[in-house]
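A short reminder: the numbers here are calculations on the coordinates, not readings from a lab. If you're wondering where the values come from, they're calculated on a predicted model, not measured in any experiment. Cβ atoms come from the backbone with ideal geometry, glycine included; neighbour counts cover every protein chain shown.
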């Protein structure tokens, strides 16, 4: 009998996240003859999204729709997954390596007694047709290729690294499952402050404008934000800028902090310490703006401008505006 | 309050990675406590200051892990436990099973760990442990307030902040911003030498090597392609800005 793959879809801001389609692509590569695919969609008012998802899944889509599921809660979501697993026994569960997937993945793995390969950036097949997963070590200073040794498997994949799946040959079948709220939850979400609404997510941004000690103050991020706005990009920071209190730690890029792989990375006033380089050196094109011509960041930059970021960045914003508007 | 902190020893983040004979070379490498675990130790100290109790730091790893555990003792933790894994191939599955076997025999109110380790970075062990112990967890917290058997935590969810109420005992993993980890003081380092330090083997936990067999295996290692320095743009800043935009359009074809 073939293996059963289960993709856990993710909803953000009322839409399916692209990483869900990337997870489906991983499944279509990993799949062998006779395997089957199912998807799980958990949320509130998921009917429309379920039929959208059905276009990509040649199999069953379990849709669990309840107001209590609007916001991710490790306990309620895991309860839902357990109820799904009563209907379908998974061999492989695939999730995004996102705030939700990073949390739900290991919980599912523990429940299934499964191995897990986290933060996968590429998948290929070995000579004997088994999946081989590539993932970063030390935030990208090295890479390892891993395989499972047996038993159930959980895989989380990093957004933006694997091409999203194309629509399936035939649409899947949506199955609505009931949700029974539990009276005895041990964790309850009381409040969510959406600091990121309307903004491009840092790890998914195609363009990142990043500031270091050279931005000098919280105020100093203003020109970087303006540039990012014009480019529909996100703003990041180095550890030095975060430690100095210029910005929130959620913006930190590096070995501690986030790893980003945008198409364009614009480093402003960042010297380029090895910890920072680990978090961004896989970007496609790196641009460095720094007053110090000896700054190590220029050694990895495709294009460098030696100068004061407060003079250069506004001029860049102006130039981009000319060609983009 | 009985507080346990999960500790891992990692390469210092300053280290470059060198691959030798298909393995990551640890020649002359400086080891440190995983930076995210420092926040967990600090939070344990802050919570003990407020609510009293004892802090036990627990690590799974080779003998050198003792150094990171001693650092935590020097910061102010009360006891350390090192579960040895010399000669074993472990992954997150096995480490969480070893920790669960140990903690299953303890009485705990609060278990803290780092959000992920800066080496393998799987971010699995603490969440798996919570499931194995059948207690709630919140990962990536930036704030923790405990009142009786109830904790209120802020969780960083990709930039958004979620506030949760969680009943203890529970597992929490520390995100940057949770606190400012202290440095071990000299008297702290001296005192640490006299604090209880327990070494345990897998057998001591009632497990066999096959119970602890990894579910995943590494088949190869590689380094990222080396980046070459590109070009420094010339002219005044206005010319440089115009040239850069032009290069991104014509050469890189990204705009």
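Please list the three semi-axes, largest first and in whole Å, of the ellipsoid equivalent to the range A:10-53, using sqrt of 5 times the eigenvalues of its alpha carbon gyration tensor.
23, 11, 7
Does the range A:190-259 come out rounded, prolate or oblate, given a ≥ b ≥ c as the square roots of the eigenvalues of its C-alpha gyration tensor, rounded meaning a/c under 1.5 and, failing that, prolate meaning a/b above b/c?
Details: a/c = 1.40, a/b = 1.13, b/c = 1.24.
Because its axes are fairly even, with a/c under 1.5, the range A:190-259 counts as rounded.
Sequence gap at least 6, Cα distance under 8 Å: using those rules, report the relative contact order of the range B:124-245 to the nearest whole percent. Write down the numbers at each step before the final one.
Working: 108 pairs, mean separation 21.0, N = 122.
Value for the range B:124-245: 17 percent.
Compute the separation of the alpha-carbon centres of the range A:266-290 and the range A:46-121 and state it in Å as a whole number.
What the calculation gives is 35 Å, centre to centre.
Do the sum for the protein assembly as shown: with -39,500 (n - 2.57) for every DSSP H run of n ≥ 4, divided by all residues, what is the mean residue ellipticity at 222 nm, to the nearest 500 deg cm²/dmol? Don't jump to the answer; show the numbers that get you there.
Values: 14 runs with 153 residues, N = 580.
Taken over the protein assembly as shown, the calculation gives -8000 deg cm²/dmol.
Could you give the spread of the C-alpha atoms of the range B:64-105 along their three principal axes, from largest to smallest, in whole angstroms?
29, 24, 13
Angle, helix B:66-75 long axis vs. longest principal axis of chain B, Cα atoms, 0 to 90°, nearest 10?
In chain B, helix B:66-75 runs at an angle near 80 degrees to the longest axis.
With a 10 Å cut-off between alpha carbons and a GNM built on chain B, which of B:175, B:50, B:239 moves the most?
Of B:175, B:50, B:239, the Gaussian network model singles out B:239 as fluctuating most.
On alpha-carbon atoms, Rg over Rh for the range A:12-129 using Kirkwood Rh? List each step's numbers first, then the result.
Numbers: Rg = 14.1 Å, Rh = 15.1 Å.
With Rh from the inverse mean 1/r over Cα pairs, Rg/Rh is 0.94.
Kirkwood Rh, the range B:163-223, all Cα pairs: how many Å?
Details: mean 1/r = 0.0567 Å⁻¹.
About 17.6 Å, per the Kirkwood formula over Cα pairs.
What residue among B:205, B:244, B:186 has the largest mean-square fluctuation in a Gaussian network model of chain B, using Cα springs under 10 Å?
Between B:205, B:244, B:186, it is B:244 that shows the largest mean-square fluctuation.
Out of all DSSP beta bridges with both ends in the protein assembly as shown, state the antiparallel percent to the nearest 5. Numbers along the way, then the final one.
On the way: 42 of 120 bridges.
Bridges in the protein assembly as shown that DSSP calls antiparallel: roughly 35 percent.
Along each of the three principal axes of the Cα atoms of the protein assembly as shown, give the extent in whole Å, ordering the values from largest to smallest.
The Cα atoms of the protein assembly as shown stretch 70, 68, 50 Å along their principal axes.
No solvent, one uniform scatterer per C-alpha: report log10 I(q)/I(0) for the range B:178-255 via the Debye equation at q = 0.23, 0.24, 0.26 1/Å, two decimals.
-1.06, -1.10, -1.22
Sort B:173, B:71 so that the residue with the fewest other Cβ atoms within 10 Å of its own Cβ comes first and the one with the most comes last.
Lowest count first: B:71, B:173.
For the range A:218-244 and the range A:158-199, what is the centre-to-centre distance using only Cα atoms, to the nearest Å?
Using only Cα atoms, the two centres lie 29 Å from each other.
How do A:281, B:201 rank when sorted from fewest to most other Cβ atoms within 10 Å of their own Cβ? List each step's numbers first, then the result.
Numbers: A:281 21, B:201 11.
Neighbour counts put them in this order, fewest first: B:201, A:281.
Just the number, please: Stokes-Einstein D of the range A:97-253 in µm²/s, Kirkwood Rh from C-alpha pairs, 20 °C, 1.002 mPa s. Numbers along the way, then the final one.
Working: Rh = 19.4 Å.
Taking Rh from Cα pairs, D becomes 110 µm²/s.
Fully extended, how many nm does the chain gain between residue B:54 and residue B:210 (0.36 nm per residue separation, minus their Cα-Cα distance)? List each step's numbers first, then the result.
Values: separation 156, 0.36 × 156 = 56.16 nm, distance 3.31 nm.
That pair, residue B:54 and residue B:210, stretches by 52.9 nm at full extension.
Largest first and in whole Å, give the semi-axes of the range A:60-175's equivalent ellipsoid, each being the square root of 5 times a Cα gyration tensor eigenvalue. Each step should come with its number before you reach the end.
Numbers: eigenvalues 126, 62, 48 Å².
Gyration-tensor ellipsoid for the range A:60-175: 25, 18, 16 Å.
Given 20 Å bins starting at zero, what is the percent of C-alpha pairs of chain A in each, up to the one with the largest pair distance?
30, 51, 18, 0
How compact and how long is the range B:8-90, expressed as Rg and Dmax of its alpha-carbon atoms in Å?
14.7, 51
Name the most mobile residue of B:43, B:14, B:67, meaning the one with the largest mean-square fluctuation, in a Gaussian network model of chain B with Cα contacts below 10 Å.
Fluctuation is largest for B:14.
When only Cα pairs under 8 Å and 6 or more residues apart are kept, what is the percent relative contact order across the range B:68-167?
Numbers: 90 pairs, mean separation 16.0, N = 100.
Relative contact order of the range B:68-167: 16 percent.
Suppose we keep just the alpha-carbon trace of the range B:108-150; what are its Rg and Dmax in angstrom?
In order Rg, Dmax, the Cα atoms of the range B:108-150 give 11.5, 36 Å.
Any idea how far the Cα center of the range B:1-53 sits from the one of the range B:64-142, in Å?
One Cα centre to the other: 10 Å.
Write down the radius of gyration of chain B and its Dmax, each obtained from C-alpha positions, in Å.
Considering chain B through its Cα atoms, Rg and Dmax are 21.9, 71 Å.
List B:4, A:310 from most exposed to least, where exposure is judged by having the fewest other Cβ atoms within 10 Å. Mind showing how you got there, number by number?
On the way: B:4 28, A:310 17.
Ascending Cβ contact count within 10 Å gives the list A:310, B:4.
For the residue pair residue A:294 and residue B:219, what label-to-label distance in nm results when each label sits 7 Å from Cα along the Cα-to-beta-carbon direction?
4.7
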